[in-house]
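A.B. asks: Just passing along the structure, written as structure tokens.
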Amino acid sequence: MSCFVLGVGAVMLIGLIGCDKSGFKYSKYSNSSPIFGINIDYIKDWKWMEHVYKEEKYASVIFVPQNRKILGESAGINIYEAPNLSVEPRTLEALANDLVVKKSHYDEAKVIKRSVIKLLGVQAIDIEMSFKIPENIRVFNAKLIPVKARYVLLNKGEKFYVLKFMAGESDFAKNAKAYEHIAKSLRVSK
């Protein structure tokens, strides 16, 4: 009987923490406020920070490793109310084009892949880019390091969502399955 209880307890614990085939474990971020209205997994032992940008009129949650190796290593989501979107026309395609233009200002920026996928039952735009960012933003003329980033943009209801994942070029591939899991775990309030 004690073996059965122990076994059931272990299965319940794994279910609460979450794990995928790549070996990553996950925790759940949840914020039901009207501004955020999301549930999403993130890599266990990473920390999260949320912020509402009143002037720019969007909300953001970013997840970072406790001891991240590079400045840009992160996962996150930006949430925009459709009427407050700063691009014209207020479409997913215009938002994707605006993102690429803004990221193109980084050194050696290039789009590696751009495709349409399905997420939350709607079409989403999936963009993978590479560029260089300063190793340390507090140092003048800091060494530039190569990073890869993936952006998944979608429109659901009256909100636009931009999922973003970034890591050093050498770490991006090893985190790719975790990024995929995080994107697929997204749930939004009606």
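The values are calculated or read from the model by the stated rules, or taken from the named source; none is laboratory data. From a predicted model like this one, the values you see are computed outputs, not experimental measurements. Every residue, glycine among them, receives a Cβ derived from its backbone with ideal geometry; neighbour counts consider all protein chains shown.
A.B. asks: Does at least one position in segment 164-172 carry a residue that is under 17 Å from Leu92 (Cα atoms), at pLDDT 95 or above, crowded, with 19+ Cβ neighbours inside 10 Å and in contact with a Ser or Thr (Cβ under 8 Å, 6 or more places away or on another chain)?
C.D. replies: Within segment 164-172, one or more residues are under 17 Å from Leu92 (Cα atoms), at pLDDT 95 or above, crowded, with 19+ Cβ neighbours inside 10 Å and in contact with a Ser or Thr (Cβ under 8 Å, 6 or more places away or on another chain).
A.B. asks: Does at least one position in segment 47-55 carry a residue that is in a strand (DSSP E or B), closer than 23 Å to Lys184 by Cβ and in contact (Cβ under 8 Å) with a residue 24 or more places away in the chain?
C.D. replies: No, because not a single residue in segment 47-55 is in a strand (DSSP E or B), closer than 23 Å to Lys184 by Cβ and in contact (Cβ under 8 Å) with a residue 24 or more places away in the chain.
A.B. asks: Which is at pLDDT below 95 and either surrounded by 14 or more Cβ atoms within 10 Å (Cβ to Cβ) or closer than 20 Å to Ile38 by Cα (or both), of Val100, Val87?
C.D. replies: Val87 is the lone residue from the list that is at pLDDT below 95 and either surrounded by 14 or more Cβ atoms within 10 Å (Cβ to Cβ) or closer than 20 Å to Ile38 by Cα (or both).
A.B. asks: Now for a separate question. Among Glu128, Glu135, Glu158, which is under 25 Å from Glu93 (Cα atoms), modelled with pLDDT under 95, among the charged types (D, E, K, R) and out of contact with any Gly (no Cβ under 7 Å at 6 or more places or on another chain)?
C.D. replies: Glu158
A.B. asks: Which residues, taken from segment 148-178, are more than 20 Å from Val61 (Cβ to Cβ) and hydrophobic (A, V, I, L, M, F, W, C)?
C.D. replies: Going through segment 148-178, the residues more than 20 Å from Val61 (Cβ to Cβ) turn out to be 148, 168-174, 176-177.
Matches in segment 148-178: Phe172, Ala173, Ala176.
A.B. asks: Mind listing whichever residues of segment 138-155 are among the polar types (S, T, N, Q) and at pLDDT 95 or above?
C.D. replies: Asn155, the sole residue that qualifies.
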